[in-house]
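The structure's right below; bear with me while I get my questions together.
Each reported figure results from applying straightforward, stated rules to the coordinates on display, with no laboratory input. From a predicted model like this one, the values you see are computed outputs, not experimental measurements. Glycine gets a Cβ as well: all are built from the backbone with ideal geometry, and neighbour counts include every protein chain shown.
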Protein chains: 2
Amino acid sequence: MILLVYAHPHHGRSIANRALISAARDVDGVTLHPLYDRYPDFSIDVAEEQRRLAAARVIVWQHPTFWYGTPALLQLWLETVLTRGFAYGEGGTALRCKQVLWVTTTGGTPAQYVHGAVHGRPFGDFAPRMEQTARFCGMHWLDPFVVHAAHKMPADELARFASAYRARLQDLVSAPQST
Amino acid sequence: MILLVYAHPHHGRSIANRALISAARDVDGVTLHPLYDRYPDFSIDVAEEQRRLAAARVIVWQHPTFWYGTPALLQLWLETVLTRGFAYGEGGTALRCKQVLWVTTTGGTPAQYVHGAVHGRPFGDFAPRMEQTARFCGMHWLDPFVVHAAHKMPADELARFASAYRARLQDLVSAPQST
């Protein structure tokens with residue numbers, strides 16, 4: 001029902017994403033789909049991915065933010081799976097009205113995401129591309145779940161984020177149209 | 001002197017990027033570096049890439065825009081080549097004060113990049129990530145060279161863009177500090 005497309009090239013070394021995935025993976029109705037485990041060689045089975053997407057009602061894109069963008073394999077997944085005739089264009093209605101939740105972690109603190117600080121801008125300035133990708137395919141964009149500076153966070157604070165994420169997914173399972 | 005890092009997974013099928021590359025490749029002082037030719041298996045030689053970057057004065061990132069972002073191999077290149085201690089962080093000064101020219105082509109017309117149209121926003125809203133990546137590494141961000149709807153463009157109009165690109169590169173070769 002919820003397809004959790006997860007892209008982290010170093011899951012074992014991740015602190016934040018590992019905590020989030022642990023909280024999410026056994027939520028009833030959530031199917032975890034770790035792209036780097038499935039496609040370590042970057043050779044994506046497009047038909048399989050499209051079947052997974054078509055069967056889902058909610059799609060989660062979870063990944064660390066690398067250079068203000070998505071890890072390479074998730075970018076490749078967008079390029080190869082969201083094809084014309086499937087995701088957009090004539091007959092491309094497979095994703096229409098599905099919900100998308102974008103979940104990302106960053107290395108920076110919120111204070112670093114302001115004009116004049118090291119990341120130069122509000123983090124939201126880097127979000128339009130994921131949002132517009134979803135909207136272009138006719139999907140509903142949900143309020144993103146962003147965790148900043150998660151790898152430096154005290155364990156109890158990270159645990160609170162993980163619980164909030166789990167609750168968010170549970171809500172999406174039980175209340176399909178909530179945004 | 002100018003390293004033209006070029007990322008297109010289907011160069012042979014590209015109309016716009018092929019025209020731009022043809023105009024750029026024999027400019028004196030420009031070294032064309034086509035990532036998809038060099039690394040068809042996505043296995044990047046980081047040391048080689050860092051040597052190339054260190055030797056350049058101007059770096060060009062040229063690619064088609066895919067889902068409002070960079071092709072996967074260029075994303076992987078950013079992730080693996082722009083490392084801490086090389087591009088940023090302690091001792092990471094190798095790119096400082098180099099100039100970056102971002103060159104990209106899109107499938108949409110300028111009229112589609114407005115609020116309410118299919119691409120939802122001005123194209124510039126999708127640019128901050130490349131700019132901030134450059135700035136984070138202490139590089140000078142030049143005015144980007146963007147060609148919209150290039151694959152549908154009349155040949156003479158595309159030729160004008162290609163000439164303008166060539167002129168831009170020639171200027172960068174001869175006037176290093178121009179922005």
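Obtain the nm distance between the two label points defined at A:THR83 and B:ARG96 by a simple spin-label model: each point lies 7 Å from its Cα along the Cα-to-C-beta direction.
Rounded to a tenth, the inter-label distance reads 4.8 nm.
If you don't mind, there's one more thing I want to ask. Sort segment B:97-154 into rounded, prolate or oblate with this rule: let a ≥ b ≥ c be the square roots of the eigenvalues of the Cα gyration tensor; rounded if a/c is under 1.5, and if a/c is not under 1.5, prolate when a/b is larger than b/c, oblate otherwise.
oblate
Karplus couplings for segment B:7-19 from phi (6.51 cos²θ - 1.76 cosθ + 1.60, θ = phi - 60°), rounded to Hz, Gly and Pro as x?
Result, rounded to whole Hz: 10, 9, x, 9, 4, x, 8, 7, 8, 5, 5, 5, 5.
How high is the relative contact order of segment A:1-101, given as a whole-number percent (alpha carbon pairs under 8 Å, six or more residues apart)?
That works out to 34 percent.
Quick check: convex hull of the Cα atoms in segment A:63-179, volume per residue, rounded to a whole Å³?
109 Å³
Compute, for segment A:35-179, the length of the dipole vector about the Cα centre, with Cβ point charges of +1 (Lys, Arg) and -1 (Asp, Glu) only. Units Debye, rounded to 20. Before the final figure, lay out the partial values.
Working: 14 positive and 13 negative charges, 56 e Å.
Here segment A:35-179 has a charge dipole of around 260 debye.
Could I ask something else about it? What spacing in nm lies between the two simple spin-label points modelled at A:MET1 and A:ALA111, each 7 Å away from Cα in the Cβ direction?
It is 4.2 nm.
Of the options A:ALA127, B:GLN62, B:ALA87, report the single residue whose Cα projects farthest towards the positive end of the charge dipole of the protein assembly as shown (beta-carbon charges: Lys, Arg +1; Asp, Glu -1).
Value: A:ALA127.
Let me ask something else about it. Report the FRET efficiency, 1/(1 + (r/R0)^6), for B:ARG38 and A:ARG57, where r is their Cβ-Cβ distance and R0 is 30 Å, rounded to 0.05.
0.15
Hey, quick one: spin label on A:VAL46, modelled 7 Å out along Cα-Cβ, who in segment B:34-70 has an amide N within reach, i.e. under 17 Å?
Answer for this model: B:66-67.
Can you tell me the FRET efficiency between B:SER22 and A:ASP143 if r is taken as the Cβ-Cβ distance and R0 is 45 Å, rounded to the nearest 0.05? Walk me through the numbers before you get to the answer.
On the way: r = 46 Å, r/R0 = 1.01.
E between B:SER22 and A:ASP143, to the nearest 0.05, is 0.50.
Counting only helical runs of four or more DSSP H residues, what would the 222 nm mean residue ellipticity of the protein assembly as shown come to if each run contributes -39,500 (n - 2.57) and the total is spread over all its residues?
-10500 deg cm²/dmol
Something else now. Mind checking the mean number of beta-carbon atoms from other chains within 10 Å of the Cβ atoms in B:135-142?
Details: counts 4, 6, 1, 0, 0, 0, 0, 0.
For this peptide, the per-residue mean of nearby foreign Cβ atoms is 1.
What average number of partner chain Cβ atoms lie no more than 10 Å from the Cβ of the residues making up A:117-127?
Shielding by partners across A:117-127 averages 3.
Starting from segment B:5-102, pick out the GluC sites (Glu not before Pro) whose DSSP state is loop and whose Cβ has at most 13 other Cβ atoms within 10 Å. Mind showing how you got there, number by number?
Numbers: sites: B:GLU48, B:GLU49, B:GLU79, B:GLU90; in loops: B:GLU90.
Passing sites in segment B:5-102 are B:GLU90.
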